[in-house]
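Encoded as structure tokens, the structure appears first; notes follow it.
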Amino acid sequence: MMKFCVRAGVVSLVVALFAPIVEAASRANEPEHRANATQGASVELVQAESIALDDIVVGGVRQAYRGNFELREIPRSINTVDAETLEENAITGLTEALDLDASVARQNTLGGLWDSFAIRGFAGDENLPSGYLVNGFNAGRGFGGQRDLAGIERVEILKGPAAALYGRGEPGGTVNLVTKQARLGETFGTVQAQTGSFDTQRAEADINLPLGEALAVRLIGYGEQSDGFRDFVAEDRWGFLPSLGWAINDATRLTYDLEKTRVSVPFDRGIVVLDDNFKTVPRDRFLGEPGDGDHVAEAEGHQLRLSHDFSPAWRMLLGAIKRDTLLTGTSSDPELAVSRQPVFEDGQTLARQRRSRVYDSEQLAFRGELDGEFQLGSFWHRLLIGADYDRFKNYQDFRRVRPAGLASNPSDEQSYAVDIDNPVYGRFPLPTPLPNNDRLDIQESIGVFLQDQVELTERLQLRLGARYDDYELRTENYITDIDSERQEGRLSPQLGVVYELSEPVVLYANYGEGFRANIGTDVNGNIFDPEETRAVEAGAKLALFDGAIDATVAVFSQEKKNVLASDINNPGFSAAIGKARSRGVELDVSGELPAEVEFRLSYAYTDAEARSSVLDPNFSFEIKPGDPLANIPDHQFNAQAQKRFTVADKQTMAGAGLRYVSERLGATGTDFTLPDYTLFRLFGDVQLTDNLAVFANIDNVFNTHWYASSYSQLWVQPGTPRTATVGLRATF
């Protein structure tokens, strides 16, 4: 308890120490042009009016770890999918939003129950969801189901190393979700309903209400039901995501966000692919057991943020989060071990495991930061200093029963088998899973960070920063009665430079080091060394044709060691597979073409490969230096364009897009490859009245057969067929 109190108090201590100093400094030295640049960062509930302020204020709520910077001054590549783009494309899920950025590749999604992605070729822990941020908090951990984008103002893909500020994470980048916030003095709202293919029905509402001059609430909720294109894989989801804003005074704003969600869907490992024949079974065939019922994923999160302006030049942000998730359910998954799998011999009889899961997580975090601007000698400094505390508890009760080995000539019942050509469900009594992994992992960490960006000349800026993390990992294994513990500290430095070559062209480069603690142990109870990373990036940011088109081009190289993979013989455990490297080129362009055609384009070439010679723990194949990493395509490309025009006195928008993904490795340590694919989509809307619009979209227009990701040739996730959606949107 004492340790908890000491760590949790660091945030307030840092602020208490620095607040009087910076307040005095800000009053003593506030050059006029700098003071004016920060006026929009006040806590008044207004929308940002420029790129600089948009990085800081969303409805008056400052974003963490930012400081006061224009996008072109930040020495890293940042791509944003804003609310307008999400609405125009009728995107409701995080995975689909990330598809718009070619640097992001889909990964294994635990039967469709978590978001999993790689940025610039590197993914996170295979046994945990990808750790995206929500308003700067690491709120993507835990098992709360795939993230719905109701209530999201924008999705930010922050590419490149960020450990010097955010701390624990992947070197390829970080995804940050910025939520919609309550706005004072305004009454407005949007209510929409839509229907689509596979009997999909969805309703969503976003209503902002003032509760007085200084208080407002924004009520956001959604509900969705879909039968899905996969047999027996129907999904129900709902969420309630309100926000409460209180302007305590002209300089102080308090914001509270609630996240309450629930997802119910059968666990689905996808299809099997034998002898590289992707037509082994139809893409809608379910090879689990309908009698298992649904997996249910629930999340409840609370965020509290307090922002205060000491002066136009100095600002403070405090925050806290508490988030709990729970995943429960039973599934029947194809057995991966060749020695237990008859389908490799007869091409028909698929042996299965029966598994049950109770995954329960709790997260508590506190954060405090101070950012400001001052002149020291002839140099202008923009300083960001802060601290945070994070405690993540992850309990996993995983049980399974495996089919008998082929050497014993088992019956179909002993193999818990299903005929992949003519499945008969409920053929055998459902086996009772037995305890396999019952453990609690606790990660507790505290970090302090400092960043200073110095204007050396009118054109040249230098960014220096570092973060120190002190973390402790504890594992309590209730089956083996082995308790493990590890504690250490890590320093993560960063260096960046920005040079304005001309008014429309800015060059930048950065270098960063980082780490991510590997949660859990191997089967013997040993806690792994942390994953360590190094990354370098260089690029250019362009504002072309008087700002009509913005573009970022970047080259990068990054490496990490102490990489883990799942231990197939011991589910829930991991094993070290060594080193990996990723390098590549990216291009992100958006803006307006002649004839008022809006467009966005994203391309990435990524060369991600293993750098160690090790024996893959999953399938006992040898991994050699130069072998590609699973589910990482060499080439990805996404483009879309839309235009607004008038038809019969009705404002109309029509757009089209395409997405290309090249072939990629489908299973580590093998030569199994997922084919490339190209998908086309159409979208548009018609404004029927000032307050009512009809919208529609068609995804996968040509009904292409494609495959989103795979873990092995027996766990392949087929992509969605052609899907049409139409809906009505009312605003007031």
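The values are calculated or read from the model by the stated rules, or taken from the named source; none is laboratory data. This is a predicted model, so every value here is computed, not measured. Note: ideal-geometry Cβ built from the backbone for every residue, glycine included; neighbour counts use all protein chains shown.
Some observations on this one:
- Qualifying positions in the stretch 418-439 - surrounded by fewer than 13 Cβ atoms within 10 Å (Cβ to Cβ) and under 35 Å from the mean Cα position of the chain (by Cα): T432, L434, P435
- Flag if R382 is buried (at least 21 other Cβ atoms within 10 Å of the Cβ), touching a His at 6+ places or on another chain (Cβ under 8 Å), at pLDDT 95 or above and at negative phi: no
- For the stretch 81-191, the helices (runs of 4 or more DSSP H) that sit wholly inside it and include 2 or more residues that are surrounded by 22 or more Cβ atoms within 10 Å (Cβ to Cβ) are 94-98, 163-166.
- Counted residues, the stretch 188-205 - those being without any contact (Cβ under 8 Å) to a residue 40 or more places away in the chain and not aliphatic (A, V, I, L, M): 2
Residue by residue, here is whether (1) within 30 Å of P312 (Cα to Cα); (2) touching a residue at least 60 places away in the same chain (Cβ under 8 Å); (3) among the polar types (S, T, N, Q) holds:
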| site | (1), (2), (3) |
| --- | --- |
| Y222 | no, yes, no |
| F229 | no, yes, no |
| A234 | no, no, no |
| W238 | no, no, no |
| G245 | yes, yes, no |
| N249 | yes, no, yes |
| T255 | yes, yes, yes |
| T261 | no, yes, yes |
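- Condition met for T255 (crowded, with 19+ Cβ neighbours inside 10 Å, under 24 Å from the mean Cα position of the chain (by Cα), of a type in the set (S, T, Y) and over 21 Å from Q192 (Cβ atoms)): yes
- If the condition is being in contact with a helix residue (DSSP H, G or I) (Cβ under 7 Å, 6 or more places away or on another chain), part of a strand (DSSP E or B) and over 26 Å from Y166 (Cα atoms), then the stretch 340-385 contributes T349, L350.
- Summed over the stretch 423-450, the residues that are modelled with pLDDT of 95 or more and polar (S, T, N, Q) give a count of 1.
- Unique match (being of a type outside the set (S, T, Y), in contact (Cβ under 8 Å) with a residue 24 or more places away in the chain, over 21 Å from L430 (Cβ atoms) and surrounded by 20 or more Cβ atoms within 10 Å (Cβ to Cβ)) among L304, L317, L274: L317
- Selected residue [crowded, with 21+ Cβ neighbours inside 10 Å, outside any helix (DSSP H, G or I) and modelled with pLDDT of 95 or more] from A580, A565, A554, A538: A554
- Residues of the stretch 110-127 that turn out to be on the phi < 0 side of the Ramachandran plot and more than 12 Å from the chain's Cα centre (by Cα), as a count: 5
- Those residues of the stretch 444-476 which are surrounded by 21 or more Cβ atoms within 10 Å (Cβ to Cβ) and under 24 Å from the mean Cα position of the chain (by Cα), in sequence order: S445, I446, G447, F449, R467, D469, L473
- Reported count of residues in the stretch 681-692, each being more than 18 Å from E598 (Cβ to Cβ) and either touching a residue at least 12 places away in the same chain (Cβ under 8 Å) or touching a helix residue (DSSP H, G or I) at 6+ places or on another chain (Cβ under 8 Å) (or both), is 3.
- Qualifying residues in the stretch 326-339 (those that are not aliphatic (A, V, I, L, M) and not in a strand (DSSP E or B)) - the one modelled with the highest pLDDT: E335
Yes/no per residue for (1) within 18 Å of L86 (Cα to Cα); (2) touching a Lys or Arg at 6+ places or on another chain (Cβ under 9 Å):
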| site | (1), (2) |
| --- | --- |
| Y660 | no, no |
| T673 | no, yes |
| F695 | yes, yes |
| L714 | no, yes |
| T731 | yes, no |
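- Any chance I479 is in contact (Cβ under 8 Å) with a residue 40 or more places away in the chain, of a type in the set (V, I, T) and exposed (fewer than 15 other Cβ atoms within 10 Å of the Cβ): yes
- Listed by first and then second residue, the pairs linking a residue in the stretch 71-100 that is under 15 Å from S590 (Cα atoms) to a residue that is part of a loop (DSSP other than H, G, I, E, B) and at pLDDT below 95, with Cβ atoms under 7 Å apart and 6 or more places separating them unless they lie on different chains, are L71/D55; S77/G160.
A quick yes/no check of all residues on (1) crowded, with 16+ Cβ neighbours inside 10 Å; (2) at positive phi; (3) modelled with pLDDT under 90:
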| residue | (1), (2), (3) |
| --- | --- |
| V498 | yes, no, no |
| L501 | no, no, no |
| Y508 | yes, no, no |
| R516 | yes, no, yes |
| I519 | yes, no, yes |
| N526 | no, no, yes |
| E532 | yes, no, yes |
| K561 | yes, no, yes |
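- Within the span defined as the stretch 591-614, one or more residues are at pLDDT below 95, in a loop (DSSP other than H, G, I, E, B) and small (G, A, S).
- Residue under evaluation R323, criteria (1) part of a loop (DSSP other than H, G, I, E, B); (2) farther than 22 Å from V401 by Cβ, criterion not met: (1)
Residue-by-condition table, conditions (1) of a type in the set (A, V, I, L, M); (2) outside any strand (DSSP E or B); (3) surrounded by fewer than 21 Cβ atoms within 10 Å (Cβ to Cβ); (4) touching a residue at least 40 places away in the same chain (Cβ under 8 Å):
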| site | (1), (2), (3), (4) |
| --- | --- |
| A656 | yes, no, yes, no |
| V694 | yes, no, yes, no |
| F702 | no, yes, yes, no |
| H705 | no, yes, yes, yes |
| A724 | yes, no, yes, yes |
| A730 | yes, no, yes, yes |
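- Residue match in the stretch 713-721 (condition: in a strand (DSSP E or B) and among the aromatic types (F, W, Y)): yes
- For R644, the test of being among the charged types (D, E, K, R), crowded, with 17+ Cβ neighbours inside 10 Å and within 30 Å of T200 (Cβ to Cβ) is failed.
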